[in-house]
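Every read-out reported here was derived from the displayed coordinates using simple, explicitly stated rules and does not represent laboratory data. No experiment lies behind these values; they were computed from the predicted model shown. Neighbour counts run over all protein chains shown; Cβ positions are idealised from the backbone, glycine included.
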Amino acid sequence: MEKKFGILFTVSLWCLAAVCSASGSSYLVDDSGGLGPRFDGIGGLSGGGATSRLLVSYPDPERSQILDYLFSPNFGAALHILKVEIGGDAQSTEGTEPSHMHSPDDENYQRGYEWWLMKEAKKRNPNIKLYALPWGWPGWVGNYTNSPYTDIKQTIGYVMKWLQGARTVHGLTMDYLGIWNEKSYTKDYIKLLRKTLDSSGFQNVQLVASDGKFEISYDILTDPELAAAVSILGFHYPGTYVTKYTTETRKTLWSSEDYSTKNDNVGAGCWARILNQNYVNGNMTSTISWNLIASYYGSMPFGRCGLMTAEEPWSGNYAVEGPIWVTAHTTQFTLPGWKYYLRGSGAGHLDLGGSYVSLTDGKNFTIVIETMTHNHSQCIRPSLPPYTVRAQTATFDLKGMFNSIKSLNVFYSKPGYGGNSSVYFMNKSPVQVVNGQFNLTLYPDEIYTLTTQAVGMKGKYPDPPQTKPFPTKYTDNFDEYPIYSEASYFTDQAGCFEIRNSGNISHNLVMQQVATSFPVNWCNDAHHPISVIGNHTWRDVSFSIDVHVLPSSGAILALRVDAGGCGAAGSEGIYFWLGGSGKYNVTTDMEGKSVVMNGTAPIIGNTWATVQLTVVGGEAKGSVNGVEVFDWVNIPTVLPHHGWIAIGTPDYSAAQFDNFAIHSAS
């Protein structure tokens, strides 16, 4: 009798003062009839638009701490998969990422930060899976036709060189490779790519296609050679469901890009819901977040749409957001290679709202439960049909290999809404399992992990430094960076700006525009390479920079640049176009069409010149080597009142920049 009383007392604690009614629903968790598909892991996507751009500029120890929260096992998100962009000198959401081949005779594997990030992830978790995918391509790859399929052998050669560079230069082997993010594919390209991988020692690289919508399922069903070439069907923002014909392919299904939602508590609820329901509703065995970390200027499109936020390398401030701990509910207690339980025998919907999934590796066992309500779990896309979640008592009935376990360890989260405090990843007392059964009273907007594993930790570092705005006085002579890297805080919006040797003893290292042509683009690229820096709220600014340009080209200095990302091409502001041959224009648009002033300036081609742009209130001034070139008063009030600093070039030609200085900003 005493034992029975003890069991009832334990259950009553879990009911949290609610009545544990015998009328609650029962859910069978049974592996006797076999297990479901292989669990392939939870991941994050770096790139798809320079989303980790500012992370590399963080100082230590903050940078290492951030990486631990993302990748270290049993500490934070403990991600299983890192997906990265194969840079293509093209705008891909928040900025451009550099290509390993700006031109056919150019090849370099030190550019960009994705190599560094993959190595840092592997350092923390040697078993993390790597997945690469192009968004855009240098123009030459498509023979300047805006399609990478005009010469598929050339395009495949470009991709293969990236894979070989990853392996030989960085010791990185990709586990998965995509086709072209959310763009068209051709069957011939995919088939030949598979054959080339196999003949070049990359037999173990699995192809994911097509990183977009469901149409490829038709081709898989009707083309056996294509079906053999593709290992995984990857879909973006499927809303947790796939189509009937997709299921009929009998292929491994992934949500290969998902979430894309602000990382507040609603974003945490979105992530919790889809991590479970992508499998429950769509039989998808991996979900990958866009993006990994919101490490770009927050005023860019999709601000804070990462698992955590790190947008102030100048201050060292970062924020560990709710989605990190939602991820941990699955990742800290499973690994790729585990098996899901079959839907209906360990995974499914809860009768009064929510879902549950069960997973095992044959020795360990984990259940993840979520009861996220509609208004607290809406993702940015697609729209979420109405539904309700109510408090409920659930009985889980374990059959099969885990029928005799006595208890399950418990981690619990409840994001806060309406002023309520959040609880994330709390280690609660174990729940007792009696004769293979245990009860839980579940309330709306909760997440539970119940596991046989004695692991799991809510990692914690000392609070990071306080947030600070971008400094209003700032200088950089570019001499402290590795060759081919990118200067701190500059975020390329078109073209590619790298650290290079100037060839001039007085200027040493410089920032040089090195992209050679308009790219095969993913979204609306600007036709003029440009890079932004600073605070998007700045109104009155004065800055200068040394420039070295060709006589046939020139330089652009701009202030109050109001748009970035895929909207950069349409941005407005105050643009000072200085030609190498001694002409200038002042325009109000990024494309240089709205000319408000023009005239003669000093000839700066093939020589170094110091150019300055100042905007205060309704007046803008530009000078070259201290000589005023223009003075524009009464700037129209319809123009942007604030925005970034930007530098650029009028075409895809080489131009060098040095001794950048912000003199004042407000």
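Sorted by packing (mean other beta-carbon atoms within 10 Å per residue), highest first, where do 416-422, 562-568 land? Provide the component values of the computation, followed by the final result.
Details: 416-422: 10.7, 562-568: 22.9.
Those peptides, ordered most packed to least, come out 562-568, 416-422.
Ordered by packing density, taken as the mean number of other Cβ atoms within 10 Å over each peptide's residues, highest first, how do 585-591, 389-395, 499-505, 43-49 rank? Write down the numbers at each step before the final one.
Details: 585-591: 19.9, 389-395: 18.1, 499-505: 13.6, 43-49: 28.3.
Peptide ranking by packing, descending: 43-49, 585-591, 389-395, 499-505.
DSSP beta bridges in the chain, what fraction antiparallel, as a percent rounded to 5? Please list the in-between numbers first.
Details: 102 of 143 bridges.
Around 70 percent antiparallel, to the nearest 5.
May I ask you to compute the full-extension gain from Val616 to Lys213, defined as 0.36 nm times their residue separation minus their alpha-carbon distance, rounded to one decimal in nm?
Values: separation 403, 0.36 × 403 = 145.08 nm, distance 4.81 nm.
That pair, Val616 and Lys213, stretches by 140.3 nm at full extension.
What shape does segment 73-206 have by the C-alpha gyration tensor, where a ≥ b ≥ c are the square roots of the eigenvalues, rounded means a/c under 1.5, and otherwise prolate means a/b greater than b/c and oblate the rest? Mind showing how you got there, number by number?
Working: a/c = 1.75, a/b = 1.47, b/c = 1.19.
Prolate is the answer for segment 73-206, as a/c is 1.5 or above and a/b outweighs b/c.
Could you sort the peptides 362-371, 326-335, 79-88 by per-residue average Cβ neighbour count (10 Å cutoff), highest mean leading? Before the final figure, lay out the partial values.
Details: 362-371: 21.5, 326-335: 25.2, 79-88: 27.0.
Answer by packing, highest mean first, reads 79-88, 326-335, 362-371.
List the residues of segment 123-152 whose backbone N lies under 19 Å from a point placed 7 Å from the Cα of Asp105 along the Cα-to-Cβ direction.
Under cut-off, by backbone N: 138-144.
Indicate the gyration tensor shape class of segment 40-137 (rounded, prolate or oblate), computed on the Cα atoms with a ≥ b ≥ c the square roots of the eigenvalues: a/c under 1.5 is rounded; otherwise a/b larger than b/c is prolate and the rest oblate. It would help to have the intermediate numbers written out before the result.
Details: a/c = 2.01, a/b = 1.69, b/c = 1.19.
In terms of gyration-tensor shape, prolate.
Any idea what diffusion coefficient the chain gets from Stokes-Einstein, in µm²/s, Kirkwood Rh on alpha carbon pairs, 20 °C, 1.002 mPa s? Walk me through the intermediate numbers first.
Working: Rh = 26.5 Å.
Approximately 81 µm²/s, per Stokes-Einstein.
Applying the Karplus parametrisation 6.51 cos²θ - 1.76 cosθ + 1.60 with θ = phi - 60° to the phi angles of segment 534-540, what ³J(HN,Hα) value in whole Hz is obtained for each residue in order, glycine and proline being reported as x?
x, 10, 5, 8, 5, 10, 9
As an exercise, use a Förster radius of 30 Å and the Cβ-Cβ distance of Ser200 and Thr145 to find the FRET efficiency, rounded to the nearest 0.05.
Values: r = 26 Å, r/R0 = 0.87.
For Ser200 and Thr145, the calculated efficiency is 0.70.
In segment 349-378, which residues have a backbone nitrogen under 20 Å from the label point lying 7 Å from Asn403's Cα in the Cα-to-Cβ direction?
358-367
Which of rounded, prolate, oblate describes segment 474-665, given a ≥ b ≥ c as roots of the alpha-carbon gyration tensor eigenvalues and a/c under 1.5 marking rounded, otherwise prolate only if a/b is larger than b/c? If you can, show how the numbers build up before the last one.
Details: a/c = 1.38, a/b = 1.20, b/c = 1.16.
Cα axes put segment 474-665 in the rounded bin.
Label points 7 Å out from Cα along the Cβ direction at Ser666 and Asn508: separation in nm?
For the pair Ser666/Asn508, the computed spacing is 3.4 nm.
Starting from 0.36 nm per residue, how many nanometres of slack lie between Leu384 and Val423 once their C-alpha separation is accounted for?
Taking 0.36 nm per residue and subtracting the Cα distance, the gain is 11.6 nm.
Along the Cα-to-C-beta direction of Asp361, a point sits 7 Å from the Cα; which residues of segment 322-349 have their amide N less than 17 Å from that point?
Output list for this probe position: 328-341.
Please report Rg (one decimal) and Dmax (integer) in Å for the Cα set of segment 118-273.
Final numbers for Rg and Dmax: 16.6, 48 Å.
Taking the chain as the reference, fit the longest principal axis to its C-alpha atoms, fit the long axis of helix 187-199 to the helix C-alpha atoms, and give the angle between the two in degrees, 0 to 90, nearest 10.
The two axes meet at around 80 degrees.
Could you check the simple spin-label distance between Ser25 and Val169, using points 7 Å along Cα→Cβ, in nm with one decimal?
About 5.3 nm, to one decimal.
Nearest 500 deg cm²/dmol is fine: what mean residue ellipticity at 222 nm does the chain get from its DSSP H runs of n ≥ 4 alone, each adding -39,500 (n - 2.57), divided by its residue count? Intermediate values should be presented prior to the final figure.
Working: 10 runs with 112 residues, N = 666.
Helix-only estimate at 222 nm: -5000 deg cm²/dmol.
Calculate, for Asn524 and Tyr443, the FRET efficiency according to 1/(1 + (r/R0)^6) with r their C-beta to C-beta distance and R0 30 Å; round to the nearest 0.05.
Computed FRET efficiency for Asn524 and Tyr443 comes out at 0.05.
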